[in-house]
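Read through the structure below, which is laid out as structure tokens, and then see the notes.
The values are calculated or read from the model by the stated rules, or taken from the named source; none is laboratory data. None of the values given here were measured: they were computed from a predicted structure. When we count neighbours, we look across all protein chains shown, and the Cβ atoms used for this are built from the backbone with ideal geometry, even at glycine.
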Amino acid sequence: MHQIRVLVVEDSLVFRELLVQNLNKDPAITVVATARDPFEARDAILKYKPDVMTLDVELPRMSGIEFLRKLMPQYPLPVVVISSLSEKVFDALNAGAVDFVAKPSGASREQLEAFIRNELQVKIKVASIAKVGSWKKTPPQALSQSTVINDKNLIVAIGASTGGTEAITSVIKEVGPDIPGIVVVQHMPPGFTEMYAKRLNEQCRIRVKEAKTGDMVLPGQALIAPGGDSHMQLVKMNGAYQVAIRPGSKVNGHCPSVDVLFQSVANVAGSKAVGIILTGMGGDGAKGLLAMRKAGARTIGQDESTCVVYGMPKVAYDMGAVEYQEKLPDIAKRTYSILSNM
């Protein structure tokens, strides 16, 4: 069995040793080196050629984000960032990191070991098959629309996982206030979804917010499902779309689940919807997207060449849920093309 060779970059001696001990307990992972700062990390990368690097954001001599920005153009490497609850993780993802894990604050040794076992090991395995060679992204161009979309019953639903924060950003940055209401599930820990929504709201021409039960689905606005132990579903009240945030168990290993959202869109919006499935590991969203297509919705899947992990879109494509397969930079254009003919 091929072992995933991991470089651990962490300045805390205690946490660094805890990471090494617990990662090495997984037979699929071996820690080949550790580093206390980006300069040691650079030397270790050249010497040991790891498959994956775990990276703390706060490091001495140079921040983890600055290190990523220097590293990725010259030596693309799958990186999993370990961070406390901070918006800096999104800077790290923008700089080329594949994914992140939220370090539990004030946790006991047992809780930290469980975090490494249940979260970090999984992310490392996903990162080991991620595509990072094409990490450098073309800045999205705002689309100028000649078609005005007036149908208030239209809706766009988006689902993503690994690599999705940047993919969703790429799509939403290209749409304008004329876009029908957008509902989004991105697999992300609690707390981070609110920061992500605020960040998008500052960067995009449309309004973006973390969803709450009763929020109206309005043109020119995107609602991001909150991370945690609830699912987001589309409902119709007094002839208008709203979202409901409802506690539930994990579906396909995730809460919120893309499948739960897509299934509700199929049930409520039927042929008045566009479903978009983006980069991510696993198959969450595929069955829901198929339900949407069977209900008359139009569907788009991100193509393999532009996915960080071609998992969710592949499963959806293979089961016939994807009507149009598009490169990431073309998804917004395709969405407008579909909507203008609905």
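Has the stretch 12-22 got at least one residue that is out of contact with any strand residue (DSSP E or B) (no Cβ under 9 Å at 6 or more places or on another chain), surrounded by fewer than 19 Cβ atoms within 10 Å (Cβ to Cβ) and in contact (Cβ under 8 Å) with a residue 60 or more places away in the chain?
Yes: the stretch 12-22 contains one or more residues that are out of contact with any strand residue (DSSP E or B) (no Cβ under 9 Å at 6 or more places or on another chain), surrounded by fewer than 19 Cβ atoms within 10 Å (Cβ to Cβ) and in contact (Cβ under 8 Å) with a residue 60 or more places away in the chain.
Out of everything in the stretch 263-317 that is among the basic types (Lys, Arg) and under 18 Å from Ile182 (Cβ atoms), what residue ends up being surrounded by the most Cβ atoms within 10 Å (Cβ to Cβ)?
The residue in question is Arg298.
So is Thr193 surrounded by fewer than 24 Cβ atoms within 10 Å (Cβ to Cβ), under 30 Å from Ser105 (Cα atoms), of a type in the set (Ser, Thr, Tyr) and touching a Leu at 6+ places or on another chain (Cβ under 7 Å) or not?
When the stated conditions are applied, Thr193 does not pass them.
Enumerate the pairs (first residue in the stretch 218-239 and surrounded by 19 or more Cβ atoms within 10 Å (Cβ to Cβ); second residue anywhere and of a type in the set (Phe, Trp, Tyr) and not in a loop (DSSP other than H, G, I, E, B)) with beta-carbon separation below 7 Å, excluding pairs fewer than 6 apart on the same chain, so at least 6 apart or on different chains.
Pairs found: Ile224/Tyr196; Gly227/Phe192; Leu234/Tyr241.
Conditions first: (1) buried (at least 22 other Cβ atoms within 10 Å of the Cβ); (2) more than 18 Å from Asn24 (Cα to Cα). Leu55 passes all but one, so which condition is the exception?
Going through the list (1) buried (at least 22 other Cβ atoms within 10 Å of the Cβ); (2) more than 18 Å from Asn24 (Cα to Cα), Leu55 breaks only (2).
Go through Leu19, Leu55 for me and flag whichever is part of a strand (DSSP E or B), assigned by TED's automatic domain parsing to the domain that holds Phe115 and closer than 19 Å to Leu112 by Cα.
None of the other options fit; the residue is Leu55.
Run Pro247 past the list (1) free of Cβ contacts under 8 Å to residues at least 24 places away in the same chain; (2) under 20 Å from Val171 (Cβ atoms) and report the number of the one that doesn't hold.
(2) is the only condition that Pro247 fails.
Which one is nearest to Asp11 (Cα to Cα), of the residues in the stretch 62-85 that are without any contact (Cβ under 8 Å) to a residue 40 or more places away in the chain, out of contact with any helix residue (DSSP H, G or I) (no Cβ under 7 Å at 6 or more places or on another chain) and assigned to a loop (DSSP other than H, G, I, E, B)?
The qualifying residue nearest to Asp11 (Cα to Cα) is Ser63.
Hey, does the stretch 94-109 have a residue that's out of contact with any Asp or Glu (no Cβ under 7 Å at 6 or more places or on another chain), over 18 Å from Gly163 (Cβ atoms) and outside any loop (DSSP other than H, G, I, E, B)?
Yes: one or more hits.
Could you check, for the stretch 78-97, whether at least one of its residues is modelled with pLDDT of 90 or more, over 18 Å from the mean Cα position of the chain (by Cα) and more than 21 Å from Arg5 (Cα to Cα)?
Checked against the condition, which is being modelled with pLDDT of 90 or more, over 18 Å from the mean Cα position of the chain (by Cα) and more than 21 Å from Arg5 (Cα to Cα), the stretch 78-97 yields no hits at all.
Could you list, in sequence order, the residues of the stretch 25-48 that are charged (D, E, K, R), more than 20 Å from Val14 (Cα to Cα) and touching a residue at least 60 places away in the same chain (Cβ under 8 Å)?
Within the stretch 25-48, none qualify.
Got a number for residues in the stretch 285-303 being of a type in the set (D, E, K, R) and closer than 11 Å to Pro313 by Cβ?
Residues in the stretch 285-303 being of a type in the set (D, E, K, R) and closer than 11 Å to Pro313 by Cβ: 1 in total.
So, in the stretch 252-287, of the ones that are hydroxyl-bearing (Ser, Thr, Tyr) and over 16 Å from Ala225 (Cβ atoms), which residue ends up nearest to the chain's Cα centre (by Cα)?
Checked the stretch 252-287; the qualifying residue nearest to the chain's Cα centre (by Cα) is Thr279.
I'd like to check something: does the stretch 319-327 contain any residue that is acidic (Asp, Glu), without any contact (Cβ under 8 Å) to a residue 60 or more places away in the chain, out of contact with any Cys (no Cβ under 9 Å at 6 or more places or on another chain) and in a helix (DSSP H, G or I)?
No, the stretch 319-327 contains no residue that is acidic (Asp, Glu), without any contact (Cβ under 8 Å) to a residue 60 or more places away in the chain, out of contact with any Cys (no Cβ under 9 Å at 6 or more places or on another chain) and in a helix (DSSP H, G or I).
List the number of the failed condition for His2; all other conditions in (1) at pLDDT below 95; (2) in a helix (DSSP H, G or I) hold.
(2)
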